[in-house]
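Working notes, beginning with the structure itself.
The values are calculated or read from the model by the stated rules, or taken from the named source; none is laboratory data. Note that this is a predicted model, so its numbers are computed, not measured. No Cβ is skipped: glycine too gets one built from the backbone with ideal geometry, and neighbour counts run over all protein chains shown. Only protein heavy atoms, including side chains, enter the accessible area calculation; ligands, DNA and RNA are left aside. Shrake-Rupley method; radii C 1.70, N 1.55, O 1.52, S 1.80 Å.
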Amino acid sequence: MKKTFLAIILILSSFFLSAQNIPSPKQFLGYELGEHFTPQYKVVAYFNAVAQAASSMVKVQKYGETNEGRDMIAAFISSPENIQNLENIRQNNLRLADVLNDKSGDINTPAIVWLSYNIHGNEPSSAEAAMKVLYALVDPNNSQSKQWLQHTVVIIDPCQNPDGRDRYVNWYNNAVGQHFNADPQSREHDEPWPYGRTNHYNFDMNRDWAWQTQKEMQQKLKLYNDWLPQVHVDLHEQEYDAPYYFAPAAQPYHEVITQWQRDFQIQIGKNNAKYFDENGWLYFTKQIFDLFYPSYGDTYPTYSGAIGMTYEQGGIDAGLGIKTSTGDTLTLADRILHHYTASMSTIEISAANYQKLVSEFKTYFDNNMKGVDMEYKTYVLTSSDQNKIEAVKKLLEKNNISYGIPSNTNFSGYNYHTNKNSNFTSEGYDIAVTTMQPKGRLIKVLFEQQSKLVDSATYDITAWSIPYSYGLNAWAVKENLQLSAYNNPKPINEIQSNYGLLIPYTSLNAAKVLAYLLENHVHVRFSTNPFTYKDKIFGRGTLIVVKGNNAANWSELVNKACSTYNVQTYTVETGFMDAGSDFGSSDVHFIKAPRVALLTGENVSHTAAGEVWCFFDTELNYPISQLITEHLDNINLSNYDVLIMPDGRYNVFDDDKNIEQKLDDFVKAGGKIIATESGAAKLASMEWTGIKLEKDSSQNSDSIIQKNYGDAERQSLTTFTPGAIYKIQLDNTHPLGYGYPNYYYTLKQDARAYTNFKGGWNVGILPANAYVAGFVGSKAKQQIKDGVLIGDKHYGSGHIIIMNEDPLFRLFWQNGKLLFANAVFLAGN
């Protein structure tokens, strides 16, 4: 008893001594919050200073580092008793979620409230607000926060995107004078490309929670899944004229969202509204920001058991202050105060309901473990290439999802390929997940063939099912199948040969091997037709590396690449094949290492360009030159073999016909242009390409139709295609289709298609009944019924490759990456 009493005295003494020295943001930074933008390193320094001064209440953890080397931190704030017991609270919470099974979890525990700020770098007020929230929570004069922290552990991630934030802040601090200019047309409100919204690779990380393609999100989600909070808020900014937005969210809600999760959003919203009403601040709820696409900072936490919410403050491009359309001046200080108020209100209502939050949290995971409301209990994926299965395995591991292989393959279920029930047929390598585990609802959302929409006015794509996005056949099974341990890949056998080595071309990993070999000056060939050697059939695209004309270490380089990327090579001792073409045949083509360039700049979508850059830099590990489109007049395109035109406006081509002529000359001279999305449409609009878009027959009527003004939004949905999956017919005898079956699942985001490629190849076309999943407006669906989506046209000595969709979509569309690599390395070679 005496020891316990002394421990309490020591904690309280430490608290009161340190509390008197806790620096406010103004004391530490030297200015009031809102007077200047704070660089990331100072935000981190302030959090560390508070943690040092109030060590009994605050712990700061560095959980990661950005691509540019900036620290990523999270602060844990609670009462001294809770901070002393922090690790036990975390472990107990994981027991409540059935993640830890060493003993039962105790529901008499604080609720965990996680506040995430500044995932979009040019929405900077929230990181400033994070400092204000931190100080308010530990302010010795704030009796309210002391009471809240008895029942909550507050986790603050002050800046989820340090690279993007500093890109914006450094630019703005350079553009602003001693006093801000509120004129919206002033330079300080016109941020240059590629803007601060995204991370180093121009990725929008608020679309990357589930997929974790980016380093920052991989590190954040590791920490997040180590805690699994009851409440999570992602704080953003929107266009500066907009009022504040907070929960409840707009429809559609995904059906897995529980009634409690829906109801408590309303409680939080009403508590926020109380404070906003007191101050006369405008706000809105239940509009725009829905809970459907699984990779946002509100939906991913929701599908992981939390009350997940987005808060949006008007403020993009506002700088330190801007005149709004109503004539008022919106300042950074205003924006900070609004975010601060919503943050504190959320902590308050969560503390008041901590017991209910914890008990409902436990119920959520208990129901997951029982498979409640799950029509399908098991999802099984299969492939003849283990690397495709391994890609799914890596995604599951990032999300703390358990997996295995079916113990018995004698079962039937819904077949994703045929869209009907059938017996399971293994293609050689399998992976299976059961929904009866802690992440059960998230698994359903990620794997289900068709998600149910209660409202088609959605904020993002409406289809993403892993079997389609990863290009795998799959079965959804109503029974909870018994699973055995997953078979990890066996080590690749090193192969020696006095003549050559063969590399099967059946997955993206083979393309990575090819990129490595070309970058290391190894001469590689590929076969355009199948051939047989020693009774083994090698398919189209098989890579052939022979001793002749290669450096002495050619075999070492091939084995190293294949070991790195898990591709088994085969020895060949002669160029004379048992069947099919010999290696000296015209069917076997030499692969010249392409010099690749990517168009970027104001005319180009920064996120689309970022996908390509990141794909080359982090996955293919192959060099790519980023060219500013507006400077094409002064760029020598003969230095490149491949020019990539991602999504963009490309108005520069309308203003300067010399640039268009340069593209014409580039292709005629043997260059290759790969154009996607609006980049493809812009290229097709150039008469010299001879490529034409299909006409929209639905717009031909001249009759006068009166439209109901009140139904304007609903009317617009008839032509809306936010992101639906289509199964297109693929010519896999063409180099673009190597490594694929005779079909490809594409994510369609518009109604565009192209006419027949005269003098070229219609590689990917829309067959009848191509629709698979996702929302497509009624008029758009009528239009998307035939046409070319992927084409290759020979022009002069070069090639034009059109891809109407984005095969690298957010880099989670795994199925499209090989297609893009084929366009770069094989097509037109």
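Observations on the model:
- Residues satisfying the stated conditions in region 573-601, i.e. of a type in the set (A, V, I, L, M, F, W, C) and under 16 Å from Trp613 (Cβ atoms): Val596, Ala597, Leu598, Leu599
- Verdict on Ile83 being open to solvent by less than 60 Å² (accessible area, probe 1.4 Å) and within 31 Å of the chain's Cα centre (by Cα): no
- If the condition is being out of contact with any helix residue (DSSP H, G or I) (no Cβ under 6 Å at 6 or more places or on another chain), open to solvent by 10 Å² or more (accessible area, probe 1.4 Å) and touching a residue at least 12 places away in the same chain (Cβ under 8 Å), then region 476-490 contributes Lys478, Glu479, Asn480, Leu481, Gln482, Leu483, Ser484, Ala485, Tyr486, Asn487.
- Odd one out for Ser638 among (1) open to solvent by 70 Å² or more (accessible area, probe 1.4 Å); (2) over 14 Å from Tyr516 (Cβ atoms); (3) out of contact with any helix residue (DSSP H, G or I) (no Cβ under 9 Å at 6 or more places or on another chain): (3)
- Selection of region 569-579 for residues being within 19 Å of Ala510 (Cβ to Cβ) and surrounded by 16 or more Cβ atoms within 10 Å (Cβ to Cβ) yields Thr569, Tyr570, Val572.
Every residue, every condition in (1) among the small types (Gly, Ala, Ser); (2) in a strand (DSSP E or B), yes or no:
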{"site": "Pro23", "(1), (2)": "no, no"}
{"site": "Ser56", "(1), (2)": "yes, no"}
{"site": "Phe76", "(1), (2)": "no, yes"}
{"site": "Ile83", "(1), (2)": "no, no"}
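- Of the residues making up region 258-282, those that are closer than 30 Å to Phe365 by Cα, open to solvent by 10 Å² or more (accessible area, probe 1.4 Å) and of a type outside the set (Lys, Arg) number 7.
- Considered as a group, the residues in region 240-264 that are in a loop (DSSP other than H, G, I, E, B) and farther than 23 Å from His339 by Cα include one that is farthest from the chain's Cα centre (by Cα), and that residue is Thr258.
- Annotation: Gln160 fulfils all but one of (1) open to solvent by 10 Å² or more (accessible area, probe 1.4 Å); (2) under 34 Å from the mean Cα position of the chain (by Cα); the unmet one is (1).
- The single condition from (1) open to solvent by 10 Å² or more (accessible area, probe 1.4 Å); (2) in contact (Cβ under 8 Å) with a residue 40 or more places away in the chain; (3) of a type in the set (Val, Ile, Thr) that Ile347 fails is (1).
- Residues that are within 22 Å of Tyr622 (Cβ to Cβ), part of a loop (DSSP other than H, G, I, E, B) and in contact (Cβ under 8 Å) with a residue 12 or more places away in the chain, drawn from region 541-567: Gly541, Thr542, Asn549, Asn550, Ala551, Tyr565, Asn566, Val567
- Checking the stated criteria, Gly121 turns out to be assigned to a loop (DSSP other than H, G, I, E, B), open to solvent by less than 10 Å² (accessible area, probe 1.4 Å) and either of a type in the set (A, V, I, L, M, F, W, C) or modelled with pLDDT of 95 or more (or both).
- Residue within region 201-220 that is touching a Gly at 6+ places or on another chain (Cβ under 9 Å), within 30 Å of Thr326 (Cα to Cα) and open to solvent by 50 Å² or more (accessible area, probe 1.4 Å) present: no
- Matching residues in region 593-618 - criterion: being among the charged types (D, E, K, R), under 20 Å from Lys817 (Cα atoms) and either open to solvent by 30 Å² or more (accessible area, probe 1.4 Å) or touching a His at 6+ places or on another chain (Cβ under 9 Å) (or both): Arg595, Asp617
- Candidates are the residues of region 770-829 that are assigned to a helix (DSSP H, G or I) and of a type in the set (S, T, N, Q); the one that is nearest to Asn206 (Cα to Cα) is Gln814.
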